[in-house]
Amino acid sequence: MKMEPLQEAAFGKTLAAMVQAKQLTESDARNFALQNEGGAENATEEAALRWLAGEYGLEFTSLDEAEPDPQLLDLFPARVLLREELLPLNTDGPAIRIAVSRLFASPGLDSLRTLTGRDLRPVLAPRDAVLREIKRHLGVGADTIHSLEEEDAFQVVEEDRNGEADLDKAAEDASIIRFVNQLLADAISLRATDVHIEPFDDELVIRYRIDGLLQAVPVPGQIKRFQPAIVSRVKILSSLNIAEKRVPQDGRIKIRVSGGEVDVRVSIIPMVHGEAVVMRLLRQDAGLMGLADLGMAEPDRRRFESVLAQPHGIMLVTGPTGSGKTTTLYSALNEINETVRKIITIEDPVEYQLKGINQIQVSEQAGLTFGRGLRSVLRHDPDVVLIGEIRDRETAQIAVQASLTGHLVFSTLHTNDAPGALTRMVDMGIEPYLVASSLEAVLAQRLVRMLCPECKQIDDSSRAQGLRDRHPALRDAVFYKGSGCRACRNTGFSGRRAVFEMMPMTPPLRRMLLDSASSGEIREVARKEGMTSLLEDGWRLVREGITTPDEVLRVSKNEDGGN
């Protein structure tokens with residue numbers, strides 16, 4: 001039913017959308033708009049459904065505490081529940097309570113009545129809540145898996161049989177294509193950075209990495225049967241050899257969703273019970289932050305900006321994989337991206353596409369390594385060079401030479417803390433005097449999860465008091481915790497924030513490097529020179545109510561002796 005502009009203006013956008021979705025009739029929408037004290041424009045779906053339930057003598061539920069009976073779910077085909085957006089809840093005498101968001105879309109209820117012969121009692125609930133609970137209890141792609149089970153013509157080829165052509169055909173089946181698409185779309189909508197597909201003896205486990213931690217994804221129990229076809233579909237999408245199952249393979253997929261592009265890096269490794277898949281999701285349209293948006297403490301930000309003002313030298317950002325190093329470096333490049341500067345990056349992979357910056361993608365297969373690409377870059381008259389990662393002596397040597405010949409060089413390094421970067425460069429074979437003369441600063445960082453603003457509450461537990469007693473920096477802090485809610489998927493956290501350890505290269509630190517001092521000795525002097533440790537910066541976020549002490553201790557070394 002198409003709404004006229006006049007009707008939409010009269011009802012408000014929410015009510016107009018509900019009429020189009022058959023959640024309300026036009027007459028009910030008008031009546032609600034007249035009776036709603038907040039006006040039609042301020043109407044919410046929940047308020048309208050509560051009013052509708054009262055008008056028709058029905059029950060309303062938000063589904064926040066919903067625990068559907070698993071035996072009831074097994075009575076109904078998953079594809080019907082998903083298509084008609086119906087969620088069986090429990091029995092009430094001879095009747096079955098069914099959560100619905102569309103009271104006037106009755107064909108779905110009629111189908112279920114025919115299938116079971118039971119009386120169904122509709123319970124009104126918000127549409128998003130119904131869909132959320134259906135997916136949580138039936139699993140991602142449940143309709144697809146149930147459809148495949150009923151298709152006698154579809155047969156998955158066993159791993160130990162020599163039937164690659166049949167498996168290729170199975171992987172091109174519309175249902176398998178739809179399942180893999182659903183999996184990727186679901187991961188993107190939940191802000192996942194990685195998708196893990198893991199085969200075990202009697203099940204296929206799927207997990208998403210969200211805010212740095214892996215979370216299990218509900219999937220239908222029958223999915224194990226279709227494991228070979230799912231893996232083969234991923235191989236086809238990433239242009240890998242579908243017949244090769246004995247050695248690891250790496251590929252990539254480019255997908256477009258909701259108007260934005262996502263670059264998917266695929267890694268497939270043979271395991272005991274089949275091939276395991278990990279897909280890393282890189283959002284090409286992710287909003288680029290400025291230095292001010294990174295959340296650095298003011299003294300650290302001033303030190304960072306002073307490095308950006310240098311005409312030459314090396315700036316290193318250290319930390320484990322997935323700690324936000326590339327985001328920090330791109331924020332720095334964004335600050336100095338001006339017409340008068342030529343900026344070139346060489347990366348593997350290119351995670352963000354920046355306007356006005358020349359970016360090179362490393363290709364080991366084609367022979368374009370960091371070292372070879374970097375030598376060519378220096379002949380391209382750059383002012384600023386970003387090296388995705390210093391992995392070996394060759395890359396380190398060229399980076400040092402570039403800085404000594406008048407270039408500002410940014411790169412990443414895998415070390416546990418900022419002082420460790422100095423000794424790591426020397427261990428790579430770079431002379432200490434070259435490191436001391438070329439390096440301007442080292443920034444170590446980690447990512448901590450931020451408390452969910454919807455369920456954040458004061459933590460007055462005995463453990464919180466114990467932490468205050470052990471750490472002087474937290475003596476007067478108010479601790480918070482996340483109780484878990486629908487918005488954060490009951491984790492208590494939503495989003496991440498970086499903690500930093502900024503170490504500018506001061507004259508005392510350069511002298512220590514020339515004297516072959518250890519990482520621990522360099523750290524002691526750096527602290528005296530004003531460096532704030534990762535732990536101390538994390539306590540700053542705890543005092544600001546952004547995260548919890550446990551999160552800070554999870555990602556940083558407890559300098560008071562153990563976690």
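Side notes on the structure shown:
- Under the condition of being open to solvent by less than 70 Å² (accessible area, probe 1.4 Å) and assigned to a helix (DSSP H, G or I), the residues counted in region 424-443 number 8.
- The residue that is most open to solvent (accessible area, probe 1.4 Å), counting only those in region 393-423 that are under 17 Å from Tyr433 (Cα atoms) and among the aliphatic types (A, V, I, L, M), is Leu404.
- Residues (of a type outside the set (Gly, Ala, Ser), surrounded by 15 or more Cβ atoms within 10 Å (Cβ to Cβ) and in a strand (DSSP E or B)) located in region 243-256: Gln249, Arg252, Ile253, Ile255
- If the condition is being open to solvent by 10 Å² or more (accessible area, probe 1.4 Å) and either free of Cβ contacts under 8 Å to residues at least 40 places away in the same chain or touching a helix residue (DSSP H, G or I) at 6+ places or on another chain (Cβ under 6 Å) (or both), then region 259-274 contributes Gly259, Glu261, Ser267, Ile269, Pro270, Val272, Gly274.
- In region 337-383, the residues that are closer than 17 Å to Ser403 by Cα, out of contact with any Phe, Trp or Tyr (no Cβ under 7 Å at 6 or more places or on another chain), open to solvent by less than 70 Å² (accessible area, probe 1.4 Å) and not basic (Lys, Arg): Ile343, Ile344, Thr345, Phe370, Gly371, Gly373, Leu374, Ser376, Val377, Leu378, Pro382, Asp383
- Among (1) of a type in the set (Gly, Ala, Ser); (2) at pLDDT below 85; (3) over 28 Å from Phe76 (Cα atoms) - the single one Ala192 does not satisfy: (2)
- Only one of the numbered conditions (1) surrounded by 14 or more Cβ atoms within 10 Å (Cβ to Cβ); (2) assigned to a helix (DSSP H, G or I) is not met by Pro299, and that is (1).
- In region 180-196, the residues that are more than 14 Å from Gly495 (Cα to Cα) reach residues that are in a helix (DSSP H, G or I) and hydroxyl-bearing (Ser, Thr, Tyr) with C-beta atoms within less than 9 angstrom, at least six apart or across chains, in these pairs: Gln182/Thr144.
- If the condition is being open to solvent by less than 50 Å² (accessible area, probe 1.4 Å) and either in contact with a Gly (Cβ under 6 Å, 6 or more places away or on another chain) or over 20 Å from Ala187 (Cβ atoms) (or both), then region 198-221 contributes Pro199, Pro218, Val219, Pro220.
- For Val384, the conditions (1) of a type in the set (A, V, I, L, M, F, W, C); (2) closer than 13 Å to Leu333 by Cα; (3) touching a residue at least 60 places away in the same chain (Cβ under 8 Å) are fulfilled apart from (3).
Residue by residue, here is whether (1) under 24 Å from the mean Cα position of the chain (by Cα); (2) modelled with pLDDT under 85; (3) among the hydrophobic types (A, V, I, L, M, F, W, C) holds:
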| site | (1), (2), (3) |
| --- | --- |
| Asp160 | no, yes, no |
| Leu167 | no, yes, yes |
| Phe200 | no, no, yes |
| Gly212 | yes, no, no |
| Arg225 | no, no, no |
| Val234 | yes, no, yes |
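The values are calculated or read from the model by the stated rules, or taken from the named source; none is laboratory data. Please read all numbers here as calculations on a predicted model, not as lab measurements. All Cβ positions, glycine included, derive from the backbone under ideal geometry; neighbour counts span all protein chains shown. Accessible surface is based on the protein model in full, side chains and every heavy atom, while ligands, DNA and RNA are left aside. Shrake-Rupley method; radii C 1.70, N 1.55, O 1.52, S 1.80 Å.
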